[in-house]
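Here's the structure we're looking at; comments come further down.
The values are calculated or read from the model by the stated rules, or taken from the named source; none is laboratory data. Everything quoted here is computed from the prediction, not taken from an experiment. Glycine also receives a Cβ, built like all others from the backbone with ideal geometry; neighbour counts cover every protein chain displayed. In case anyone asks, the SASA skips ligands and DNA or RNA and just uses the protein heavy atoms, side chains included. Shrake-Rupley method; radii C 1.70, N 1.55, O 1.52, S 1.80 Å.
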Amino acid sequence: MSKQDRDDDFWGMTDEFINLANKLCDSHKNGKVSNSILFSAARFNAFMFASISQDKEKFLQEKEMAIDFLTSQYKQVLTENLNDYEKNFKDYVKTTDA
């Protein structure tokens, strides 16, 4: 079990974001909500990276490193979640049988 698995704050925030997304899907197309979340995460992560940079020169020096790190993290958690859905598809996804 990873440290993240035991972090109640992390999982609480995650649930809040998912609950908000699910609520937004009631009045917006799922794809639009998904794109909005993706853009929001990118915008917030750009802000967070810029805000911890000592100055613009350091920001520019480490920008590619931040892009590589954040995209690798996204790929990892996306892969983990898709694998989870693969294993639990019938439980997670309601389908209509023809």
For this session: Only residues in region 18-46 that are within 21 Å of Asp68 (Cα to Cα) count as the first member; pair them with residues that are open to solvent by less than 90 Å² (accessible area, probe 1.4 Å), Cβ under 6 angstrom, at least 6 apart or cross-chain, and list the lot.
Result: Ile37/Ala21; Asn45/Leu70
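Name the one entry in Ala21, Ala42, Ala50 that is aliphatic (A, V, I, L, M), touching a Phe, Trp or Tyr at 6+ places or on another chain (Cβ under 8 Å) and surrounded by 12 or more Cβ atoms within 10 Å (Cβ to Cβ).
Result: Ala50 is the single residue among Ala21, Ala42, Ala50 that is aliphatic (A, V, I, L, M), touching a Phe, Trp or Tyr at 6+ places or on another chain (Cβ under 8 Å) and surrounded by 12 or more Cβ atoms within 10 Å (Cβ to Cβ).
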Exercise. Right, Lys90: basic (Lys, Arg), surrounded by 11 or more Cβ atoms within 10 Å (Cβ to Cβ) and under 24 Å from Trp11 (Cα atoms) or not?
Worked result: no
Exercise. Could we say that Val33 is modelled with pLDDT of 95 or more, β-branched (Val, Ile, Thr) and touching a Leu at 6+ places or on another chain (Cβ under 6 Å) here?
Worked result: yes
Seminar exercise, completed: Of the residues in region 61-79, those that are more than 15 Å from Phe17 (Cβ to Cβ) and open to solvent by 100 Å² or more (accessible area, probe 1.4 Å) come to Gln61, Glu64, Met65, Phe69, Lys75
For this session: Kindly list the number of the only condition in (1) among the polar types (S, T, N, Q); (2) open to solvent by less than 70 Å² (accessible area, probe 1.4 Å); (3) not in a helix (DSSP H, G or I) that fails for Thr95.
Result: (2)
Exercise. For region 24-39, which residues satisfy the criterion of being surrounded by 10 or more Cβ atoms within 10 Å (Cβ to Cβ) and assigned to a helix (DSSP H, G or I)?
Worked result: Leu24, Asn30, Lys32, Val33, Ser34, Asn35, Ser36, Ile37, Leu38, Phe39
